[in-house]
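*Asks:* Have a look at this one before I ask anything.
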Amino acid sequence: MRIQLKCLCATLLLTAPAFAATTWTLGPTPTSGMTVAGYANTGGTNNSTNAANNGALQTIQSATTTWYSGGGIGIKNADACTSGSYCDLNEGVNPEHAIDNQQRYDMVLLSFTSAVMLTGVKLGWFSNDSDITVMAYTGAGIPTLVGKKYTELAGWASIGNYSDVGTASTAAINAGKVVSSYWLIGAYNPLANPNGSVTGGSNSYDYIKIASVTSDKPNITKVAEPGSLALVGLALLGAVGVQRRRQRA
């Protein structure tokens with residue numbers, strides 16, 4: 001009888017959710033189950049006071065992502081230029097070939113085929129400073145970025161601003177253990193994540209390349225429904241009754 005009960009209990013435990021740690025490489029061929037896309041607002045600088053060129057008044061557009069061997073993913077804005085009053089000067093040239101916040105706020109959108117709980121970000125390269133912003137989509141449906149302003153993004157939760165991430169190790173993120181299929185990671189972006197500045201960070205421009213992210217990916221087997229659990233309970237009671245009758249016989 002004890003053996004039967006142990007087997008039934010083991011079966012119930014096997015139906016509980018399990019988590020498997022995963023490392024997702026961003027390129028040149030991203031890890032299967034994840035896609036990578038670049039975005040940036042079309043104007044504004046970190047310290048701009050000019051309303052016509054303030055990032056809060058500009059919309060997000062798609063940007064080109066490039067994999068740099070030994071470094072990671074960088075971004076080139078669609079409105080890159082070499083001259084002009086309100087264009088992204090020197091975009092695509094070192095160090096602005098990275099994910100940066102000079103003149104534009106560059107961010108990478110990571111889309112997963114199933115919800116993941118990101119736990120770390122690994123930079124393969126940085127220049128000047130390495131503060132980052134991380135967001136997770138907790139809204140319904142598929143998020144829309146193009147045509148929005150960073151200050152208008154709905155359904156996005158602030159995961160955190162992280163200072164001086166560097167390249168020595170994977171930086172731990174997401175202490176709140178948020179799970180999502182859509183994640184935004186970029187150079188420190190006070191428009192997308194206005195909940196305070198980076199702790200200990202500087203006001204210097206940040207130029208980063210993301211090599212990989214790590215996660216605890218929910219690997220959920222079929223969970224017994226309440227009705228099924230009730231049937232299992234009845235089966236256990238029946239088994240106990242049979243055993244008692246045998247003992248009395």
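*Asks:* For segment 1-77, give me every one of the strands (runs of 3 or more DSSP E) that falls completely inside it and has 2 or more residues that are more than 26 Å from Thr144 (Cα to Cα) and at pLDDT 50 or above.
*Replies:* Numbers: elements: 18-25, 34-41, 60-68, 72-76.
The qualifying strands (runs of 3 or more DSSP E) are 18-25.
*Asks:* Within segment 210-217, identify whether any single residue is surrounded by 14 or more Cβ atoms within 10 Å (Cβ to Cβ) and modelled with pLDDT under 60, and answer yes or no.
*Replies:* Initial filter on segment 210-217 (surrounded by 14 or more Cβ atoms within 10 Å (Cβ to Cβ)): 210-217.
Checking the rest, the ones that are also modelled with pLDDT under 60 come to 217.
Yes, that holds for at least one residue.
*Asks:* What's the number of the condition Asn161 fails, among (1) modelled with pLDDT of 95 or more; (2) surrounded by 19 or more Cβ atoms within 10 Å (Cβ to Cβ); (3) over 15 Å from Leu110 (Cβ atoms)?
*Replies:* The single condition Asn161 does not satisfy is (1).
*Asks:* Quick check on my filter: what residues within segment 109-128 are farther than 15 Å from Thr214 by Cβ and buried (at least 23 other Cβ atoms within 10 Å of the Cβ)?
*Replies:* Hit for segment 109-128 is Phe126, nothing else.
The values are calculated or read from the model by the stated rules, or taken from the named source; none is laboratory data. Predicted model, so just to flag it, every value in this text is computed and none were measured. Please note: Cβ atoms are built from the backbone with ideal geometry, for glycine as well, and neighbour counts cover all protein chains shown.
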